[in-house]
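A short worksheet on the structure shown next.
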Amino acid sequence: MTTSNGDQTTRILADPAFHAAVRKRARFGWGMAILMCVIYFGFILLVAFAPGTLAEPIGDGTLTLGLVVGLIVILSALILTAIYVVKANSAFDHETRSIVERSR
């Protein structure tokens with residue numbers, strides 16, 4: 001049975017599982033974005049209000065706490081991105097395929 005794209009789109013948009021999947025993906029994405037903003041703006045606030053803390057040397061070398069915290073901010077962005085990609089490529093894509101298959 002051949003269906004037009006418009007018919008399939010209508011069935012997908014009417015599917016409650018589609019709306020649940022959209023809500024779940026949006027909630028996860030916004031949660032990750034908020035977490036990254038908290039990390040980033042926390043670092044900026046630390047720079048603004050406690051610059052002396054970040055200037056503290058670690059050990060006897062020239063490495064400072066600010067460099068370590070800055071590296072953690074960058075790494076957290078990479079890690080959060082990887083978590084989102086893994087989740088999107090596994091659970092979210094599986095749900096999407098399931099919804100599309102049911103709509104045929």
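Points worth noting:
- Once the Cα gyration tensor of segment 1-87 is diagonalised, semi-axes √(5λ) in Å: 47, 13, 8
- Note on the chain: helix-only mean residue ellipticity at 222 nm, from DSSP H runs of 4+ residues weighted -39500 (n - 2.57) and normalised by residue number, equals -26500 deg cm²/dmol.
- GNM flexibility winner over the chain from Asp15, Asp60, Asp93 (Cα, springs under 10 Å): Asp60
- Amide H contacts for Thr64 (H built 1.01 Å from N in the peptide plane; partners 5 or more residues away or on another chain; cut-off under 5 Å): Ile58.
- Axial C-alpha extent at least 30 Å, average Kyte-Doolittle at least 0.0 - helices from the chain (DSSP): 16-49, 65-87
- Point-to-point label distance, Val22-Tyr40, nm (Cα→Cβ direction, 7 Å offset): 2.6 nm
Every number in this text was worked out from the coordinates using simple rules, so none of it is lab data. Remember, predicted model here, so these are calculated numbers, not experimental data. Positions of Cβ are backbone-derived with ideal geometry, glycine not excepted, and every protein chain shown enters the neighbour counts.
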